[in-house]
1. What are the semi-axes of the equivalent ellipsoid of the chain, taken as the square roots of 5 times the eigenvalues of the Cα gyration tensor, listed largest first and rounded to whole Å?
2. For residue 110 paired with residue 128, estimate the spin-label separation in nm (one decimal), with each label point 7 Å from Cα along the Cα-to-Cβ line.
3. What's the FRET efficiency of residue 138 with residue 76 using the Cβ-Cβ distance as r and R₀ = 35 Å, to the nearest 0.05?
4. So how much slack lies between residue 158 and residue 43, counting 0.36 nm per residue of separation and subtracting their Cα-Cα distance, in nm?
5. Once you keep just the Cα pairs under 8 angstrom separated by 6 or more residues, what percentage relative contact order results for segment 19-81?
6. Please compute the length gained on full extension between residue 101 and residue 165, using 0.36 nm multiplied by the number of residues separating them and subtracting their Cα-Cα distance.
7. What is the chain's relative contact order, in percent, from Cα pairs under 8 angstrom and six or more apart in sequence?
8. For the chain, what does -39500 (n - 2.57) per DSSP helix run (n ≥ 4), summed and divided by total residues, give at 222 nm, in deg cm²/dmol to the nearest 500?
């Protein structure tokens with residue numbers, strides 16, 4: 001029996017989310033929301049009591065978040081919430097630029113109309129946000145959702161896995177953008193719309209040129225707003 005496109009047997013029930021998956025998701029959201037602040041100690045016993053699980057799933061969840069760059073494990077001190085530096089910003093966006101160029105090339109070849117419809121729905125949600133509802137979290141969540149669909153449409157499993165590891169850090173950096181700027185919503189909507197229209201036209205060269213401009217623009221915007229005093233410092 002051949003495997004399906006999503007690499008799972010359709011005759012086998014989907015696995016339930018494990019305790020470690022659930023713990024990782026809840027801790028990830030706590031970091032994203034700022035409830036768990038940079039440099040905060042993450043004590044396994046306290047987290048296990050709070051989340052109502054044993055220390056095993058917590059340990060596995062922290063290992064997963066360490067791979068995502070959200071947690072740092074220190075010898076003899078345990079885990080802490082990572083403080084992302086300007087050097088991290090430079091590394092994350094240079095890697096994002098490399099993989100997103102491949103993503104758009106693969107999307108031009110493999111994306112289905114349903115993927116384009118899903119991307120359009122996200123753009124429409126961005127366009128519908130008014131000044132009073134355009135928060136950093138709303139803008140970052142929709143931005144990441146658009147690119148999530150882009151990577152899914154590429155139909156390249158290892159490429160998607162790389163994005164999935166990078167995505168939590170991309171989201172945190174996107175939170176630092178100045179969404180109060182009057183041009184922010186207009187530019188964000190227009191840049192995503194241009195990219196989507198080019199993907200629909202299956203113009204691979206133009207799509208790659210647009211994604212380079214798109215990612216570099218996001219990097220420059222965040223670089224201007226990102227605190228240069230975050231330790232450890234690094235050149236971008």
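Values in this text are rule-based calculations from the coordinates and carry no lab data. As the structure is a computational prediction, the values presented were derived from the model and not from experiment. Don't worry about glycine lacking a Cβ; one is built from the backbone with ideal geometry, like all the others, and counts go over all protein chains shown.
1. 30, 25, 17
2. With each label placed 7 Å out from Cα toward Cβ, I get 3.0 nm.
3. Approximately 0.30, to the nearest 0.05.
4. Going from the current span to full extension adds 38.2 nm.
5. RCO, segment 19-81: 43 percent.
6. So the extension gain works out to 21.3 nm.
7. Relative contact order here is 25 percent.
8. After summing the helix terms and dividing by the residues of the chain, the value is -22000 deg cm²/dmol.
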